[in-house]
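Okay, structure first, notes after.
The values are calculated or read from the model by the stated rules, or taken from the named source; none is laboratory data. Keep in mind it's a predicted model, so treat the numbers as computed, not measured. Cβ placement follows ideal geometry from the backbone for every residue including glycine, while neighbour counts extend to all protein chains displayed. Protein only, heavy atoms only, side chains kept; ligands, DNA and RNA dropped before computing areas. Shrake-Rupley method; radii C 1.70, N 1.55, O 1.52, S 1.80 Å.
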Amino acid sequence: MAKHALKVLDQEFAVHRFQPTMGIPAQVFNSFFYWIGKTDDELSIVCDSSIELAGGEVSRGWACFKLLGPIDFLEKGILAGISEVLAAADIGIFAISTFDTDYILLPSAQREKAASALIKRGYRVQHSSSG
């Protein structure tokens, strides 16, 4: 089976953690890309790192690789294969799944190392500026 292509997004992201009772800060919606996850334990928000959100914990400096989709729900092992390659390169990830695809966030300082590791394992990796 052919390996999927990934696109490296140009922006840098921040991952925020809040108490689960907190409302969603309005400025999140100013981000061109945001992801919101809420459980009984926490409210997590991923958005452009230039957006300041007060009142919680934040981890800045995340790059994002978008798995080019849409990906059929019946396909298996796609995220597992990518995370295996990155784990072998000693790169930790924060994964986000949507209806159409997956996004893999990793430390921005390891963006090129991650791209190189994926390419060596047969993945196609393109930068946003290249299409």
query: Can you give me the Cα centroid spacing of the range 25-40 and the range 53-116 in angstrom?
result: 18 Å
message: Just checking my list (i) 58, 31, 24; (ii) 44, 31, 28; (iii) 41, 39, 27 against Cα extents along the principal axes in Å computed from this structure; which label fits?
response: (ii)
- request: Mind checking which lysines have their Cα closer than 27 Å to the Cα of Lys38? Skip sequence neighbours fewer than 8 apart in that chain.
  value: Lys7, Lys66, Lys76
query: Can you list the chymotrypsin sites (Phe, Trp or Tyr not before Pro) in the range 25-131 that are in a DSSP coil and have 14 or fewer other beta carbons within 10 angstrom?
result: Phe32, Phe33, Phe73, Phe99
Residue of Ala54, Ala14, Ala63 that the Gaussian network model of the chain assigns the largest fluctuation, springs spanning Cα pairs under 10 Å: Ala54
- request: In whole Hz, with x marking every Gly and Pro, tabulate ³J(HN,Hα) for the range 58-72 from phi via Karplus 6.51 cos²θ - 1.76 cosθ + 1.60, θ = phi - 60°.
  value: 9, 10, 9, x, 10, 8, 9, 10, 9, 6, 5, x, x, 10, 5
- request: Kindly report the accessible area of the chain per residue (heavy atoms of protein chains, probe 1.4 Å, no ligands, DNA or RNA), in Å².
  value: 55 Å²
task: Would you kindly find the accessible area of Leu9, with a 1.4 Å probe and non-protein molecules such as ligands, DNA and RNA excluded, rounding to the nearest 10 Å²?
output: 20 Å²
- request: Measure off, as a whole percent, the carbon and sulfur share of the 1.4 Å-probe accessible area of the chain, all protein chains present.
  value: 53 percent
- prompt: In sequence order, what are the phi-derived ³J(HN,Hα) couplings for the range 11-18 according to the Karplus relation 6.51 cos²θ - 1.76 cosθ + 1.60 with θ = phi - 60°, rounded to whole Hz, with x for glycine and proline?
  reply: 7, 9, 10, 10, 10, 10, 10, 10
statement: dims of the range 72-131, Cα set, principal axes, largest to smallest, nearest Å -> 31, 28, 21
message: For the chain, take the longest principal axis of its alpha carbons; what is the angle in degrees between that and the long axis of helix 78-88, to the nearest 10 within 0 to 90?
response: 90 degrees
task: Taking the chain as the reference, fit the longest principal axis to its C-alpha atoms, fit the long axis of helix 111-120 to the helix C-alpha atoms, and give the angle between the two in degrees, 0 to 90, nearest 10.
output: 30 degrees
